[in-house]
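Asks: Sharing a structure with you now.
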Amino acid sequence: MKKTATVKGINGTVVKAVGFSIMGEMVHIGEKKLLGEVVEISKYIIIQVFEDTTGLKEGDEIFGTGSPLSLTLGPGLMGGVFDGMGRNLKYRGEFLDVGIFKDITNKWKLDILVKEGDEILENTTVAVISETSLIKHYIMSPFSGKVSSINFQEEYDKSDTLLLLETKKSIREIKLQITWPVKIPRPTKNKEELKIPLITGQRVIDSLFPIALGGTAAIPGGFGTGKTMTMHQIAKYAHADILIYIGCGERGNEIKGILDDFEKLKDPKTNNSLMEKTIIIANTSNMPVSSREASIYTGVTIAEYYRDMGYNVVLIADSTSRFAEGLRELSGRLREMPAEEGYPAYLSARLANFYERAGFFKNLNGSYGSITIMGTVSPQGGDMNDTVTLNTKRYVRCFWELDRALAYSRHFPAINYLNSYSEYVEDFNEWYIKNSSSDFLKNREKLINILISQKKLEDIVKLIGEDVLHDSQKLVLIIGEIIKKGFLSQNALSKKDSYTSLEIQNKFVQIILYLYERASSLVDMYIPVSIMKKQGIFTKIMNMKESDYTYSIDLNYYFNDIDSFYNKLAQEYEQVWQ
């Protein structure tokens, strides 16, 4: 690095300088070598600094790196906890010292998969490392060429040269690590259509508002509605190979809680620690706001790196509202013209750049991988017309709105089943027919129609009471309550109820709809709903989730119970009518 500029003014984390630099260049400032990025070049060079600028003064030297804001990618990421710039936090206490960071050095044993003289293409796997018991780390060549020599060692660190590659232009060194600009998406061969759902084990999501493998979702909700808890549940149980959790501006105790939980939790498939397939970006609320933007790009760049290896990655950003607040504060310091609610005019573009990096891809090496992005939104006062919420809705196809009334009534996940939606549902029809149930979409529509009807009837009951309703309408109220409390609500602290497979979810739905069908037939026979309630079948189906259904549920057992309930009342009233 060489000196390129000199500090002329400091405004929080924004530095004004004179000298020479390149737009978007990563620079180091002052004696402590604070990390920054050039964001404007005019009369002065304007730099946003990703660290605390306390102690920086006019006249301090600025050193250019000649490259954009970049991240070092290689083995050692899995199971790690990093700050917004990708620096390891796990073994360095709660806070990092400012300035250039010296990484922790690990040694790796690997299996080399090529030999001298081999012709290889870009992104060809040349070696493999068992990074954890769950994840194999594939070392891929960033270039095409001929293997001219291999450096055989018993163990390697990330900076060691693995082999030399003869390309058309020069001899290239292939190491265990690469450096990539975080704001530039990694290349792929093709972006595929989204036809496969991501199973999360959360019934309200999988059965009503499913998300695609490689899809995007927003989770807006006011304070106390359970955004973080919902994200935790998805993180624990989503059918993905790798999880990346970005705590963007979150409270430090929440990040600590996540880390503690994940170290104790077991992966449902292998029973190994969940941290063996998890990477946490811990950008806490006390860190400089400029690093919030960096944390978003750091997380998605790591996701793309593992996607290139053929993994399905779930990336959770909690929360994008604090990311937007960071942009607003920096925009104010840069004296830019504010747009709606004081946010910068480019807020929408930044959100689009982030969510557009999701997808299901065919990689350059022929493998397939995906990145599913879910971002929480914290609208002020729970207002769903908040600027960040409205801009986010433009770029996501799943919208899981968290409802304060549901949360305060202890209904979790508190996803509003009337205001939420998924635009992926029809795209999954073929998958559901092959892998789940041919009636999945039809049954889903029936559930939603019952919930809509129940909501309308509840409004009537509030005005004039339930006595004026017809028995068929009273039945809708009961079945709607069973759907809400007995099916959509889940207890995250219960081993039985915390996760439900799609197969069991289908059976739950079939049982509820069968009960509705048989009870409707009894209503047609003029049998009062009040009589039906005394039989106990509604309570039994309501409490069905309390049974030990973790691995299986007997459809015939519940169908027989419902048939017995139906036959008993039908025979009794047949005798009365005779």
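Asks: Within region 44-62, how many residues turn out to be assigned to a loop (DSSP other than H, G, I, E, B), acidic (Asp, Glu) and more than 34 Å from the chain's Cα centre (by Cα)?
Replies: 2
Asks: Here is a follow-up. Return yes when GLU192 is in contact with a strand residue (DSSP E or B) (Cβ under 6 Å, 6 or more places away or on another chain) and surrounded by fewer than 20 Cβ atoms within 10 Å (Cβ to Cβ) and no when it is not.
Replies: Yes; evaluated as a whole, the condition is true for this residue.
Asks: So, one more: Inside region 63-78, can you point out the residues that are in a loop (DSSP other than H, G, I, E, B) and loosely packed, with under 15 Cβ neighbours inside 10 Å?
Replies: Listed by number, the list is empty, since nothing qualifies.
Asks: Another question, then. So, GLY249, is that one in contact with a strand residue (DSSP E or B) (Cβ under 7 Å, 6 or more places away or on another chain) and at positive phi or not?
Replies: yes
Asks: Considering only region 350-383, how many residues are touching a Gly at 6+ places or on another chain (Cβ under 9 Å), of a type in the set (A, V, I, L, M, F, W, C) and assigned to a loop (DSSP other than H, G, I, E, B)?
Replies: Qualifying residue count for the region: 1.
Asks: Restricting attention to region 463-501, which residues are part of a helix (DSSP H, G or I) and within 21 Å of ARG410 (Cα to Cα)?
Replies: Those that are part of a helix (DSSP H, G or I) and within 21 Å of ARG410 (Cα to Cα): LEU477, ILE478, ILE479, GLY480, GLU481, ILE482, ILE483, LYS484, LYS485, GLY486, PHE487, LEU488.
Asks: Moving on to the next point. How about region 150-171: which of its residues are within 15 Å of VAL114 (Cβ to Cβ) and either within 30 Å of the chain's Cα centre (by Cα) or open to solvent by 80 Å² or more (accessible area, probe 1.4 Å) (or both)?
Replies: PHE152, GLU166
Asks: State which residue is least open to solvent (accessible area, probe 1.4 Å) when the search covers only region 294-321 and only residues that are closer than 15 Å to GLY359 by Cα and assigned to a loop (DSSP other than H, G, I, E, B).
Replies: Among them, the one singled out is ASP308.
Asks: Still on this structure: May I ask you to list pairs of residues, at least six apart or on different chains, whose Cβ atoms are under 7 Å apart, with the first in region 491-518 being outside the structural domain of TYR557 (by TED's automatic domain parsing) and the second being part of a helix (DSSP H, G or I)?
Replies: Pairs found: none.
Asks: Restricting to region 314-349, name every residue that is modelled with pLDDT under 90 and under 17 Å from the mean Cα position of the chain (by Cα).
Replies: ASP318, SER319 - these are the residues of region 314-349 that are modelled with pLDDT under 90 and under 17 Å from the mean Cα position of the chain (by Cα).
Asks: Does region 242-255 include one or more residues that are open to solvent by 40 Å² or more (accessible area, probe 1.4 Å) and free of Cβ contacts under 8 Å to residues at least 12 places away in the same chain?
Replies: Yes: region 242-255 contains one or more residues that are open to solvent by 40 Å² or more (accessible area, probe 1.4 Å) and free of Cβ contacts under 8 Å to residues at least 12 places away in the same chain.
Asks: When you look at ILE504, is it in contact with a helix residue (DSSP H, G or I) (Cβ under 7 Å, 6 or more places away or on another chain), open to solvent by less than 30 Å² (accessible area, probe 1.4 Å), among the β-branched types (Val, Ile, Thr) and under 25 Å from ARG410 (Cβ atoms), yes or no?
Replies: Spelling it out, it is not the case that ILE504 is in contact with a helix residue (DSSP H, G or I) (Cβ under 7 Å, 6 or more places away or on another chain), open to solvent by less than 30 Å² (accessible area, probe 1.4 Å), among the β-branched types (Val, Ile, Thr) and under 25 Å from ARG410 (Cβ atoms).
Asks: Residue by residue through region 256-298, note down the ones that are of a type in the set (Val, Ile, Thr) and without any contact (Cβ under 8 Å) to a residue 40 or more places away in the chain.
Replies: Matches in region 256-298: ILE258, THR284.
Asks: Among the residues of region 329-349 satisfying the criterion of being in a loop (DSSP other than H, G, I, E, B) and among the aliphatic types (A, V, I, L, M), which is most open to solvent (accessible area, probe 1.4 Å)?
Replies: It comes out as MET337.
Asks: Can you tell me which residues in region 219-234 are hydrophobic (A, V, I, L, M, F, W, C) and buried (at least 24 other Cβ atoms within 10 Å of the Cβ)?
Replies: ILE219, ILE234
Asks: Test THR132 against the stated conditions and say whether it is within 33 Å of the chain's Cα centre (by Cα), of a type in the set (S, T, N, Q) and outside the structural domain of LEU274 (by TED's automatic domain parsing).
Replies: Criteria met by THR132.
Asks: Assess whether TYR557 counts as being open to solvent by 50 Å² or more (accessible area, probe 1.4 Å), at pLDDT below 90 and closer than 25 Å to GLN505 by Cβ.
Replies: no
Asks: Exactly one condition in (1) open to solvent by less than 30 Å² (accessible area, probe 1.4 Å); (2) at pLDDT below 90; (3) not assigned by TED's automatic domain parsing to the domain that holds ALA352 is false for GLY382; which is it?
Replies: Only one criterion in (1) open to solvent by less than 30 Å² (accessible area, probe 1.4 Å); (2) at pLDDT below 90; (3) not assigned by TED's automatic domain parsing to the domain that holds ALA352 is unmet by GLY382, namely (3).
Asks: So how many residues does region 354-364 have that are in contact with a strand residue (DSSP E or B) (Cβ under 7 Å, 6 or more places away or on another chain) and open to solvent by 10 Å² or more (accessible area, probe 1.4 Å)?
Replies: Total meeting the criteria: 4.
Asks: LYS568: assigned to a helix (DSSP H, G or I) and at pLDDT below 90, yes or no?
Replies: no
Asks: What strands (runs of 3 or more DSSP E) completely inside region 172-232 contain at least 2 residues that are within 18 Å of the chain's Cα centre (by Cα) and among the hydrophobic types (A, V, I, L, M, F, W, C)?
Replies: 216-220
Asks: In addition: Out of region 392-417, which residues are within 22 Å of the chain's Cα centre (by Cα), more than 12 Å from PRO210 (Cα to Cα) and either polar (S, T, N, Q) or part of a loop (DSSP other than H, G, I, E, B) (or both)?
Replies: THR392, ARG394, TYR395, VAL396, GLU401, ASP403, HIS411, PHE412, PRO413, ALA414, ASN416, TYR417
Asks: Run down LYS236, LYS183 and say which single residue is outside the structural domain of LEU402 (by TED's automatic domain parsing) and closer than 30 Å to TRP400 by Cα.
Replies: Every option except LYS183 fails the conditions.
Conditions tested, residue by residue: (1) touching a residue at least 12 places away in the same chain (Cβ under 8 Å); (2) under 24 Å from ILE511 (Cα atoms); (3) buried (at least 17 other Cβ atoms within 10 Å of the Cβ); (4) touching a strand residue (DSSP E or B) at 6+ places or on another chain (Cβ under 7 Å).
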{"position": "ASP403", "(1), (2), (3), (4)": "yes, no, yes, no"}
{"position": "TYR408", "(1), (2), (3), (4)": "yes, no, no, no"}
{"position": "PRO413", "(1), (2), (3), (4)": "yes, yes, yes, no"}
{"position": "PHE428", "(1), (2), (3), (4)": "yes, yes, yes, yes"}
{"position": "ILE450", "(1), (2), (3), (4)": "yes, yes, yes, no"}
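Asks: Another question, if that's okay. Out of LEU198, LEU208, LEU176, which single residue is in contact with a Lys or Arg (Cβ under 6 Å, 6 or more places away or on another chain) and either acidic (Asp, Glu) or open to solvent by less than 10 Å² (accessible area, probe 1.4 Å) (or both)?
Replies: Criteria check complete, one pass: LEU176.
Asks: Restricting attention to region 518-541, which residues are open to solvent by less than 20 Å² (accessible area, probe 1.4 Å) and assigned to a helix (DSSP H, G or I)?
Replies: ALA519, LEU522, VAL523, VAL529, MET532, ILE537, PHE538, ILE541
The values are calculated or read from the model by the stated rules, or taken from the named source; none is laboratory data. All of these numbers come straight from a predicted model, not from anything done at the bench. Because the Cβ atoms are built from the backbone with ideal geometry, glycine has one as well, and the counts that use them run over all protein chains shown. Side chains are part of the model used for accessible areas, which takes the heavy atoms of the whole protein and leaves out ligands, DNA and RNA. Shrake-Rupley method; radii C 1.70, N 1.55, O 1.52, S 1.80 Å.
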